[in-house]
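Structure first, then comments.
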Amino acid sequence: MGDFLTAFWVGGVFCVLGQLLFDLTKYTPGHILTGFTVGGGILGGVGLYDRLIDFAGAGALLPISSFGNALVRGAMSEAARSGVLGVLTGMFELTSTGITAAIIFGFFMALFFQPKG
Amino acid sequence: MEDIQRQKETNLLLDNHWFNNWNKLKQPKPPLWKNLIYAFLFGGLVSILGQALLEMYLALGVSQEQAGNPTVATVIFLASLLTAIGIFDRIASIAGAGVAIPVTGFANSITAMALEFKREGFVLGSGAKMFSLAGSIIMFGVVTAFVIGIISAII
Amino acid sequence: MYLQGGIVLAQGMVNETGRAAKKVGRQSVLLEKKASLNYAATVAGPKESLGPMAQYIDRCHVDNLLNEKSFEKAECHMLEEACYLTLGKAGLTPDDVDYFIAGDLLNQVISANYCARKLSIPYFGLYGACSTLTEGLSLGAMLLEGGYGDHVLIATSSHNCTSERQYRFPTEYGYQRPGYAQWTVTGAGAVLLGSRGDGPRVESVTVGKIVDAGIRDPLNMGTAMAPAAADTINQHLLDLERVPGYYHMIITGDLGNTGKQLNEDILLNQGIDIRPNYSDCGVLIYHPQQNVGAGGSGCACSALVFLGFFLNQMLKQEITRVLLVATGSLHSPTAIMQGESMPGIAHAVSLEI
């Protein structure tokens, strides 16, 4: 799944695109990250995002757009297996790790640390 | 909009045209090239870290399809820890999108909210507010997947 | 005695045209008894203690939490400290003070409320955002002018973390601040106004009106507030028939680098040049190397710089006529998210010694 050089520049390009949107548009980071997620989902829907992950490895896996892709792939694969209801049951299959990790680590960090400002 | 328009017209000191001109000329602009270079470098660095973790997990015997999971979880852990220690925001002020676009930004927003609002208690503070910043990512991600999933199920 | 509408009005309260005697022009009041700024105290956080104004601050803290359980409690603590330090300098207790006028940036002005709880002085809570200092001085001076008391304690505070938390993002959130963004000052200032005293006297007040330039970016406060500052300064000079050169210093509260420029340019466009004797507290409170974008902001910005530095200069008679114009942006995160813009206001008091 990709190599270091490809991961570096593909990851870099994703971030440059984000930075252009941060600096040149009036949209907030919340808007832009949501846009990336939806974009990743759409690319995932047509099968392109998984190929990007095969090509660039972590360079395409880490940007938030891969979260959108994972949600779409999860919904689609379960729907292929068990019909329309699969859209609901399979959605968080592939993103479960990310969300669970974020909640668990967020909780424990909040437990042991203080905000410093 | 009309109120402000009327204010601007009746306010002798401020005229639309003059003000728009002033904004174009004198508002400080972001150092675009500097920001883009740092975004590229930091984004690339985060990806290299991710790639190293990915290859490490593959070498440890995790399957190709599953290797992404511990990788993402580890990156989330690191971002969360850096947030809690108080370093992440300093890195982000230089790196910008370089750490905001990868899942590190997602982890930071969740941890930062949980950490900040623990002062209002874990239930009504941290728990209730944890997803204030990241919530729209989840909502729109799920809605997109729902729509695309339904379409794919039908065709 | 003047009779108007069947109501007997006391002599001196109206002039020959039947209008209120001390009202001048559209927005100003010329005071006769002139309240005196007798004693003041300032308290600041770590970043301000490393800035150029540190030597004029009464108490500097190295920790922005002040060993309290939350940033909000720390801010309230600083406000109480400033108040008690002021009373200490005056040799008075809270019971000697007729009115307490205070405000801060937080929802429901809680720092002021809980400080007022401790002081137990009859209390007027204010929300003027960063214009609280001069709004308080205006109202306090007018209370004393009317003979409604002898001592008024005016205080205000702000804290970087509490305002970040409320208006923007959690303090550990990673985002890039644009160059025009400002840094909310952590600190508090209090001043005791007396009907008698040898301090600088409030000789006129110009009450600001809301001026909205249509700015929708809450990080761009300087640009949002500058039109209000220009409007109030212009009106003040108009009402009192003065020129900018009448004052040794014209000081704005926290316009920052960008706002200061805009203020100068708007007034220049009107044919008024304040540049020779104009300064802004937001620009003065930090060193440029402290990485604070366009400068300081917050209620404490004007309080620390004016009550610390400029008051000191006035007491030494190095400057004797000052126009202090604190500016505030009266928006809320909810209003911004609903598409509203930021309404600015600027209250001015002129001081002489």
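Bear in mind that the values in this text are calculations on the coordinates, not laboratory data. The structure presented is a predicted model; accordingly, all values stated were derived computationally and were not measured. So basically every Cβ, Gly included, is an ideal-geometry build from the backbone, and we count neighbours across all protein chains shown.
Details
- Choice from C:CYS130, C:CYS76, C:CYS60 with maximal GNM fluctuation in chain C (Cα, 10 Å cutoff): C:CYS60
- The alpha-carbon positions of segment C:201-352 define a convex hull whose volume is 105 Å³ per residue.
- Sequence of B:TRP33, C:TRP183 once ranked by neighbouring C-beta atoms within 10 Å, starting from the fewest: B:TRP33, C:TRP183
- Checking the cross-link pairs A:LYS116/B:LYS29; C:LYS73/C:LYS316; C:LYS34/C:LYS260 against a 32 Å limit on the alpha carbon distance flags C:LYS73/C:LYS316 as lying beyond it.
- Beta bridges by DSSP in chain C, antiparallel share as percent, to the nearest 5: 65 percent
- Gyration tensor verdict on segment A:4-112 (Cα atoms; rounded if a/c is under 1.5, prolate if a/b is larger than b/c, oblate otherwise): oblate
- Against the empirical curve 2.2 N^0.38 Å, the C-alpha radius of gyration of segment C:1-136 lands at a ratio of 1.39.
- Antiparallel bridge percentage (DSSP; both residues within the protein assembly as shown; nearest 5): 65 percent
- Dividing the mean sequence gap of close Cα pairs (under 8 Å, 6+ apart) by how many residues chain B holds gives a relative contact order of 18 percent.
- In chain B, one over the average inverse separation of all distinct C-alpha pairs is 19.6 Å, which is the Kirkwood hydrodynamic radius.
- Rotationally averaged projected area of segment B:66-129 (alpha carbon convex hull; nm²): 4.7 nm²
- Pairs of alpha carbons in the protein assembly as shown whose separation is greater than 44 Å (percent): 30 percent
- Cut-off of 10 Å, at most 11 other beta carbons, DSSP loop: longest stretch of chain C lacking such GluC sites (Glu not before Pro): C:33-240
- With neighbour counts taken as other beta-carbon atoms within 10 Å, the residues C:HIS236, C:HIS77, B:HIS17 rank, fewest first, as B:HIS17, C:HIS77, C:HIS236.
- Contact order for chain C, expressed relative to its length and based on alpha carbon pairs under 8 Å spaced 6+ residues apart, stands at 24 percent.
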